[in-house]
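Here's the structure, in C-alpha cells; my notes come after.
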Amino acid sequence: MRYLTVLLVSVLMLTGLGYVSPISAADKPVSQQDRKWLDIRAANRKGREGMYAGAAADRVDRAKKASAILLDLIKAAEKMRVPGQDAAFADMIGFIGRLDPTQVEPMKSAVKGLPPEPTMADEKVAKTWTRTYDSKRSAFTKPTEILGQKALDLGVTDIAFDCLQQVLKFDPDNASLRKALNQTKVDERYYGPKDMIFVKAGLRWDKKLGWIVGKDAARYEAGDYFDIQTKKWTTLAEANTMRSNAAEQWIIQTEHLEIRGTATLQQLVDAANHLEAFYAQVFANYSLFFSKGKNDIKLIFGLLDHPRLVLNIAKDPEAYKASVPPSVPGWSAGVWIPANGASYFYAGPLMVMFHEFTHQILDIFSSGSGAKVWVVEGVAVYTQSPIYENGELKLGDISKNGHIQGHLRRVLSGGAMTLEQLMRLNHESWSKSPDPSVQYGAAGTLAQFCMEANDRRYRSDYVEFVRDEYLGQSGGHEIWDYLGMTRDEFTSNYKAWEKDMAEKVKKD
C-alpha cells in the first residue's frame, strides 16, 4: 500500500479522484481532437501488432539459422575435440530452445554422437577450434540482435528486451551491446558507471558481503571483515552488532540503490541483489512508461542515470515501526513515503518490498502519481511476486501471487469484486475498505490481463495508459480507449479471460 493512500495527507492526490461511472470516448460524441487521438493510437497499434506477428514467425527461421551454424561446429568438433565444447554446445542449444523448442532434440542427438570430450587437448588444436568457434559465434546470434534493435527502433520494447537479453545470456561479452549499455567488465562481472567508482577504488561486489576489498579476499574467507564505513577491519558479527543500532546503521550503495538499515549485512546485500534484478525487470516491462518516446537500449535494461533510490530495511517489525511516522498503520510491513523520498521495510517479506518499490520507481520517474488508485495498485500487485526462471527474474507469473490467485478463486465462488466496482473506487474509499485484499486482488488481476492476455497484445497500449495516468495526460480517455475497444468490448473480453484464468487456477 502507498503512504499517501493510507494517510490521505495530500489534498492534491485526492482532488478529483472520485470515480463514479466510466464513460468511454467511444460511447459519446467524438470530437475532432479525440478522433485524431484515436486514429494515431490505432496506427501505432497496427504497427506494433505487425512487429509481434513478424517476430513470432521469425523465431522459427532464426532458430533454423542458428541450428545450421551449430551443426557446422559439431561437424568441426568431430575432427578436433577439445575441453569445454560440450558446455558451449549446451549454451547454443539453450539459445535455440528459447526460439523454437522443436529444434532442440535433433541438436542434442548430434552432440551425443560426438566422441567423448577430452580432459586435455593439443595446444594447436585448441587454438584452431577457438578460431573456428569465434568465427561462428557472432553469426549465431546476429539475426536476434538485429531484430532486437529493429524492435527498439519501433518502440516495441518488450520484444527488444527479450531479443537482446537472449543475446547477452548466450554471449555475455558481446562488445557492441556492453558498450551501448555503458558497462565495464572487471574480474568476470559487469559494472555500471556508478559501481565503477567503487571498483576503481579497489572494491569488488560480493553476492553475500556486498563491497569487499578485492586484493584481500583471503582475509574475508578467514573470518575478517573490512567495514568500508569506518574503514577498519573487524569481524562480520561485530559489525552487524554495531550497525543494528539505528544511529550506526549500514549504508550500502549499488548502481541504482542506496540501502540503509539495521538488518544484518547479509540480509541487506540479499535485498540489494533482488532489488537490482527487480529494478531491471520493471524497466524492461514498463519501458514505454519511462521512455516518453525515446528508444534507448540503456532504458529497457534499467540503466538510466539518476540519483540512487533510497530504501530503509530495519532488523525486525519493532525497529521498522520506530523508523516510520506514527500515522503509518501498525499492521504495515512496508511503505513508500514520497515526502521522505524513501521506502521503509523490515527484513524478510520480499513481496511487500517489491510492491512498495514498484510505487517508488514509478512515482520517482513521473514526479508523483495522479493516477487512479486501481491503476497505481494494480501495477504494484502485478509486479510484487516475481519468479526465477532459468536463472532470470521474471514478472507476470501468478503462481506465487496470492492477491491475484485469491481474486480468481473468488470469481468462481461469486465473491469477487467486479470490474465496475473496482473502477468506482477512489483513494479515500480504497483506504477505508474492511478487506483490502479483495480490491488489491481485483486491481492486480486487471493489470495481469492488460500485461499478459492474448500473447501480450494489450501490453504496450496499457503501459502508455499507465504512463499518461501518472503524468495526468490521459485527457479523459479511458483504459479501453487506449486498448482500441469500446467499453462493452473491453468488459466482455476481460470477463471471459478472467473466468478462463479462474478455471485454470482451480485445476492447478
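Quick note: the coordinates plus some simple rules give every number you see, no bench work behind them. Because the structure is a prediction, the values reported are computed rather than measured. Note: ideal-geometry Cβ built from the backbone for every residue, glycine included; neighbour counts use all protein chains shown.
For this structure, a couple of remarks:
- Projected label points at Ala247 and Asp435, each 7 Å from Cα along the beta carbon direction, are separated by 4.8 nanometres.
- For region 193-356, size of Cβ-based charge dipole, Lys and Arg +1, Asp and Glu -1, in debye: 340 debye
- Net length available on complete extension from Gln266 to Asp455 is 64.2 nm, with 0.36 nm assigned per residue and the Cα-Cα distance removed.
- Kirkwood hydrodynamic radius over Cα pairs of region 320-373, then Stokes diffusion coefficient at 37 °C and 0.692 mPa s, in µm²/s: 278 µm²/s
- Net charge contributed by nearby residues that have their C-beta within less than 13 Å of Tyr320 (K/R +1, D/E -1): 0
- The chain shape via C-alpha gyration tensor axes, a/c threshold 1.5: oblate
- Residue by residue, region 197-208 carries 3J(HN,Hα) couplings of 4, 5, 4, 5, 8, x, 8, 9, 8, 10, 5, 10 Hz when phi is fed to the Karplus relation 6.51 cos²θ - 1.76 cosθ + 1.60 (θ = phi - 60°); x denotes Gly or Pro.
- Local electrostatic count at Asp61 - Lys and Arg +1, Asp and Glu -1, tallied over other residues with Cβ under 15 Å: +4
- Charged neighbours of Thr184, selected by a Cβ distance under 13 Å, balance to +2 (K, R count +1; D, E count -1).
- Packing rank of 174-187, 353-366, where each peptide gets the mean count of other beta carbons within 10 Å, highest leading: 353-366, 174-187
- Contour minus Cα-Cα distance for Glu221 and Asp296 (0.36 nm per residue): 22.9 nm
- Long-range amide H partners of Ala342 with built H, under 5 Å: Ile337
- Computed on the chain, with alpha-carbon pairs under 8 angstrom and 6+ residues apart, the relative contact order is 16 percent.
- The slack between Lys495 and Ala57, meaning 0.36 nm per residue of separation minus the straight C-alpha distance, is 154.7 nm.
- Here the ratio of the Cα radius of gyration of region 193-356 to 2.2 N^0.38 Å is 1.11.
- Highest-first arrangement of 322-328, 418-424, where packing means the average Cβ count within 10 Å: 418-424, 322-328
- The distance between label points at Ser413 and Ser327 comes to 3.5 nm (points 7 Å beyond Cα on the Cα→Cβ vector).
- The spacing between region 124-190 and region 367-428, judged by their C-alpha centroids, is 34 Å.
- The orientation-averaged shadow of the Cα convex hull for region 376-508, equal to a quarter of the hull surface, comes to 8.6 nm².
- Rg ratio for region 52-180: its Cα radius of gyration over 2.2 N^0.38 Å, N being its residue count, equals 1.12.
- Electrostatic dipole magnitude of the chain [Cβ: Lys, Arg +1; Asp, Glu -1; Cα centre; debye, to 20]: 740 debye
- Cα-centre dipole for region 100-227 with unit charges at Cβ (Lys and Arg positive, Asp and Glu negative), debye to 20: 320 debye
- Among 213-226, 233-246, 400-413, 63-76, the order from most to least packed when residues are scored by Cβ within 10 Å on average: 400-413, 63-76, 233-246, 213-226
- Which of Trp497, Ile146, Phe345, positive extreme of dipole for the chain (C-beta unit charges): Ile146
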